[in-house]
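The structure appears below as structure tokens.
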Amino acid sequence: MKQGIYKIVENYPLTDSVYRMRLEGDVACITAPGQFINIKIEGMFLRRPISVFDRDEHSVTIIYKVVGKGTEAMKDMAVGTELDVLVGLGNGYDTSVSGDKPLLIGGGVGVPPLYMLAKKLISEGKSVRVILGFNTEKEVFCEKDFKDLGAEVAVTTVDGSYGVKGFVTNAMDVPYTHFYTCGPEPMLKAVYKASTTSGQMSFEERMGCGFGACMGCSCKTLTGYKRICKEGPVMRKEEILWED
């Protein structure tokens, strides 16, 4: 983990409520797809955790949805604004167990962390299929980004306005060796039930510190209590304990 000052070099909308931001600074601590950063917003007590979409040698790119005061403030930040950011947080996806045909499944703002994962898997010679799930056509983003990597992409919309009508599980009837997913908990539960192989699931959770000190995001698993921000956000399918 590293704390530093990062400069906004891009910040623009992808949809009515989803924005893409690129921050310039030291990104050496971002070592695995599925990790996140934690941004300090002026005037707000808690930082905002945002998944990493991509990184290069000098910058990190995030995609975020405007859902509250923190992200509302972020969308209006100008290029050149400097932010206090914690980077390299959380564990990431393990690509060593993917097999040759991994399936990546993202729902809404659970889509972004799968991009860096897809890039890594493809660089390792894997045949990657991606399912992107949204409510309606106007919410769709990043389809082209994944296709440009060389992934096979299917898009689902709940209302059927674009791609496959229904949920991500309606597009899972394809051969795959391992699955990776990120999205809202109802989607994760549905994928868990529909899956036919082992897999890894990234959980969204409200966080206090973001690096394991406050224990505020602890959850019970089959192997004991784990902190979403530290031992997570990625967990293996076999250790997940669903609670009603």
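The values are calculated or read from the model by the stated rules, or taken from the named source; none is laboratory data. The shown structure was predicted, so the numbers you read here are calculated from the model rather than taken from an experiment. Reconstructed Cβ throughout: ideal geometry from the backbone, glycine too, with neighbour counts over all protein chains shown.
Couple of notes before you dig in:
- The combined condition, being modelled with pLDDT under 90 and over 23 Å from Y115 (Cβ atoms), is not fulfilled by G232.
- Of the listed requirements (1) closer than 30 Å to K226 by Cβ; (2) of a type outside the set (S, T, N, Q); (3) part of a strand (DSSP E or B), R20 misses just one: (1).
- Residues of region 117-140 that turn out to be closer than 28 Å to S161 by Cβ and in contact with a strand residue (DSSP E or B) (Cβ under 7 Å, 6 or more places away or on another chain), as a count: 13
- Residue match in region 88-103 (condition: of a type in the set (A, V, I, L, M, F, W, C), in contact with a Cys (Cβ under 9 Å, 6 or more places away or on another chain) and part of a loop (DSSP other than H, G, I, E, B)): no
- Residue count for region 150-176 satisfying the condition of being under 13 Å from P102 (Cα atoms) and either crowded, with 19+ Cβ neighbours inside 10 Å or not assigned by TED's automatic domain parsing to the domain that holds T196 (or both): 4.
- Flag if I50 is without any contact (Cβ under 8 Å) to a residue 40 or more places away in the chain, closer than 13 Å to P112 by Cβ and touching a helix residue (DSSP H, G or I) at 6+ places or on another chain (Cβ under 9 Å): yes
- Exclusive hit being assigned by TED's automatic domain parsing to the domain that holds M74, of a type in the set (S, T, Y) and in contact with a Leu (Cβ under 7 Å, 6 or more places away or on another chain), set Y12, Y19, Y6: Y6
- Qualifying residue in region 177-198 (condition: buried (at least 16 other Cβ atoms within 10 Å of the Cβ), farther than 19 Å from V234 by Cβ and either of a type in the set (G, A, S) or not assigned by TED's automatic domain parsing to the domain that holds P33 (or both)): no
- Apart from one condition, G107 fits all of (1) in the same structural domain as T181 (by TED's automatic domain parsing); (2) at positive phi; the exception is (2).
- Of the residues T181, T223, T197, the single one that is farther than 18 Å from V52 by Cα and modelled with pLDDT of 90 or more is T197.
- So S123, is it crowded, with 24+ Cβ neighbours inside 10 Å and more than 17 Å from the chain's Cα centre (by Cα): no
- Of all residues in region 121-150, those satisfying the criterion of being closer than 19 Å to V109 by Cβ and either assigned to a loop (DSSP other than H, G, I, E, B) or at pLDDT below 95 (or both) are N135, T136, V140, F141, C142.
- Qualifying positions in region 5-25 - loosely packed, with under 15 Cβ neighbours inside 10 Å and either modelled with pLDDT under 95 or more than 20 Å from the chain's Cα centre (by Cα) (or both): I5, K7
- Residues of region 53-68 that turn out to be farther than 19 Å from E82 by Cβ and either in the same structural domain as P184 (by TED's automatic domain parsing) or surrounded by 15 or more Cβ atoms within 10 Å (Cβ to Cβ) (or both), as a count: 5
- Considering P49, P33, the condition of being in a loop (DSSP other than H, G, I, E, B), closer than 23 Å to F141 by Cβ and not assigned by TED's automatic domain parsing to the domain that holds N135 is satisfied by P33 alone.
- Leading residue by the ranking (farthest from D94 (Cα to Cα)) among those in region 151-172 that are in a strand (DSSP E or B) and over 17 Å from the mean Cα position of the chain (by Cα): K165
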